[in-house]
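Heads up: the structure comes next, in structure tokens.
Values in this text are rule-based calculations from the coordinates and carry no lab data. As the structure is a computational prediction, the values presented were derived from the model and not from experiment. All Cβ positions, glycine included, derive from the backbone under ideal geometry; neighbour counts span all protein chains shown.
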Amino acid sequence: MNTMLHQGYCIPSDLNRNGFEVTSGESLEKSPFDLDHINRIREAIRAFFTKTPRVQKRHYAFSYSLKHLVEGYLGTYISNGDLIYAMILEGYRFERKRINCYFNLDEKGVKAMETASESGSLPVKLE
């Protein structure tokens, strides 16, 4: 996997805010990641998610599904690439599936975040 240094972090070189495989001509320079935004996503990840030994090829561990879940919890838009970037920085392993990927993620944390979102627990608001 080719990597690059972006704002002090080593990330896959073909990751942008849409996800993997830059096919739209969009580059990191045109669509930079906002580290304040990423760090708030990381807070939500740390609050709920736990790692498993293996990547889980299940709907609950799929980046695009997780993007919507975390977005609902935080109460603001996040991109697929934002979610992937934050998960990588939190040390999650991944296996790509086109523009998306699967993570080594336990389902219990996903269910806990779903419950928190449904019950109206105070989200970690992005500003």
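The trypsin sites (Lys or Arg not before Pro) of segment 71-112 that meet both conditions, a loop assignment by DSSP and at most 10 other Cβ atoms within 10 Å of the site Cβ, are R98.
Specify the angular offset, from 0 to 90 degrees and rounded to the nearest 10, of the alpha carbon long axis of helix 35-48 from the longest principal axis of the alpha carbons in the chain. It works out to around 40 degrees. Note on the chain: Lys pairs 8 or more places apart or on different chains, Cα atoms under 16 Å apart, count 8. Taking label positions 7 Å along the Cα-Cβ direction at both T76 and L5, the computed distance is 2.9 nm, reported to one decimal. Of the labelled figures [x] -0.55, -1.11; [y] -0.48, -1.15; [z] -0.62, -1.20, only one reflects log10 I(q)/I(0) by the Debye sum over Cα atoms at q = 0.13, 0.20 Å⁻¹ as derived from the coordinates, namely [y].
Working note: 222 nm ellipticity from helices only, DSSP H runs with n ≥ 4, each -39,500 (n - 2.57), summed and divided by the residues of the chain, gives -12000 deg cm²/dmol to the nearest 500.
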